[in-house]
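Visitor: First, the structure itself, so that you have it in front of you.
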């Protein structure tokens, strides 16, 4: 993969029109885009198909979480959008449903969300989870591997442990990535692009540092160059 293919630009904006403008401003510097909850109910599904038809890769960050049979039907519908990645929660029944729903489609990869990058050990404790955060991430990665999922979403802080445990068997997609000096915003477990790649991440998800930049194309290229420089 090139640095360009490893960068996923998060289209976390308030309208499809804003998303299209962002894609236009990024131009050839962007090949992979994420569509999540913010756009999904206001035209995001049509935009996903539009981007796919234009030759772009699409990360559908929908985080499905329901009984397995419902997830299976939902994923079977999502396949029609022509996406490349789809997130679901890392629970065995959910993962099984997602993998079954994907069927023999060779394009769509199922990614298990481990622990959101906005959470900390203290956040888990508030929810009644006493397990060490890294151990929880690894357990959920194990669920993904057993179910036949293609990868996980995890912070750079856990990527190294996942890579050590699972080798190349699971793709690692890492959000919460911020260039040096950028604001962490609502993220807690953050890392620079270089650090995330060195930790074992395959793909980095970056939104505001690119979308909100004065020159989004230049911002994307700078991150891609940082990725490509890691050997």
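Visitor: Only Cα pairs under 8 Å and at least 6 apart count here; give the relative contact order of the range 3-228 as a rounded whole percent.
Guide: The normalised contact order for the range 3-228 reaches 21 percent.
Visitor: Okay, next question. Divide by every residue of the chain the summed helix terms, -39500 (n - 2.57) for each DSSP H run of at least 4, and state the resulting mean residue ellipticity at 222 nm, rounded to the nearest 500 deg cm²/dmol.
Guide: When only DSSP H runs of four or more count, the value is -13000 deg cm²/dmol.
Visitor: Further, regarding this structure: What's the whole-number percent of alpha carbon pairs in the range 4-108 lying beyond 22 angstrom?
Guide: Numbers: 1614 of 5460 pairs.
Every Cα pair in the range 4-108 considered, those over 22 Å come to 30 percent.
Visitor: So what are the chain's ellipsoid semi-axes, whole angstrom, largest first, if each one is the square root of 5 times an eigenvalue of the alpha-carbon gyration tensor?
Guide: Result for the chain: semi-axes of 25, 22, 16 Å.
Every number in this text was worked out from the coordinates using simple rules, so none of it is lab data. As the structure is a computational prediction, the values presented were derived from the model and not from experiment.
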